[in-house]
Amino acid sequence: MYPILLTIGNFEIHSWGILVMLGILSGMWLTIRLAQGSEFSSSKIQEFVFYGVFFGFLGARAWEVAFSWSEYSAEPIRALLFWQGGLSIQGAVVAGSFFGWWYFKKEKLSFSRFADIAAPGLMLGQAIGRIGCFFNGDAYGIPTDSWYGVIYQPGTPAFHAWGTMPLVPAELMEAGLDFAIVYCLLRLYPRRKFDGQVVLTYFILYSLVRFGLEFLRADSLMFYGVKAAQISTMLTVIAAVILWGIRRKAKQV
């Protein structure tokens, strides 16, 4: 793991930042490819991504701070110091989804159709971003004595918490499963039966993956003694299944 990819003078280029940017660009590229021939132009998608990343970033930070408020309550200004760590993909997706709904309603375009197009690209971006988390030494797993245990470098959040103890590489596990979900979504996309089917599948599959991986995570946010991600993912699955039924029934009428 190399949190700092290279240093130019006093300027440090972080692996996490490079891979997150690569994930965003890769996701946008895939979305533009899938949108060819639709009402969603490449320029419209690029504009949405530009603003969506900003709101997603705010949501990611807000989610992290909300579920870790005890760490910030004594000194609230620290909530603004995002460069010290603390971003949640779930918060980013929630904020990005609300912004997308507003944005495409304003543009008089179907948000559910766009969400189907964007879901594989979003999942691709998450997969690449998780590799960045591995290099950065965050989103790490629990201690293990198995052969696949990873010892993180000094200076990473994982090393700060566990030192030289081998940890489960939960980030790489999630990245691999995320790539598998990308494959499933791309297979489903041309066979979708109703608008919203692909994105609802994304929410269901990713939520189930995240729920299971939380048993292996050692840095989870907690909510009254329960892992916040497991609560939110189960609620997401329930909501997605209900919406699936409503959408499917409406299509058959």
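The figures follow:
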| read-out | value |
| --- | --- |
| Cα gyration tensor shape for the stretch 1-141, rounded if a/c is under 1.5, else prolate or oblate | oblate |
| Leu5 long-range amide H proximity, modeled H, under 5 Å | Ile13, His14, Ser15 |
| Nonlocal Lys pairs with alpha-carbon distance under 26 Å, the chain (8 or more apart, or different chains) | 14 |
| Rounded, prolate or oblate (a/c below 1.5 giving rounded, otherwise prolate when a/b exceeds b/c) for the stretch 169-223 by Cα gyration tensor | oblate |
| Reciprocal mean inverse distance between Cα atoms of the stretch 82-196 - Kirkwood radius, Å | 16.2 |
| Structure-based [θ]222 nm, the chain - -39500 (n - 2.57) summed over DSSP H runs of at least 4, per residue, nearest 500 | -21500 deg cm²/dmol |
| Accessible solvent surface per residue of the chain, calculated while the other protein chains remain in place, 1.4 angstrom probe, Å² | 55 |
| Principal-axis tilt of helix 170-188 within the chain, Cα atoms, nearest 10 degrees | 10 |
| Within-10-Å neighbourhood charge of Gly132 [Cβ basis; K, R +1; D, E -1] | -1 |
| Nearest-ten-degree value, helix 111-136 long axis tilted from longest Cα axis of the chain | 10 |
| Extension gain, Met21 back to Ile8 (0.36 nm per residue minus Cα-Cα distance, nm) | 2.8 nm |
| Loop-located chymotrypsin sites (Phe, Trp or Tyr not before Pro) in the stretch 1-52, at most 14 other Cβ atoms within 10 Å (DSSP) | none |
| The stretch 198-238 and the stretch 128-197: distance between their alpha carbon centers, rounded to Å | 14 |
| Other-chain or far-sequence residues with amide H under 5 Å of Gly141's (modelled H) | Val168, Ala170, Glu171, Ala218 |
| Mean projection area, nm², convex hull over Cα of the chain | 15.6 |
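The values are calculated or read from the model by the stated rules, or taken from the named source; none is laboratory data. Remember, it's a predicted structure, so these values are computed and weren't measured experimentally. Quick reminder, even Gly has a Cβ in these numbers, built from the backbone with ideal geometry, and neighbours come from all protein chains shown. These area figures cover heavy atoms from the full protein model, side chains too; ligands, DNA and RNA do not enter into them. Shrake-Rupley method; radii C 1.70, N 1.55, O 1.52, S 1.80 Å.
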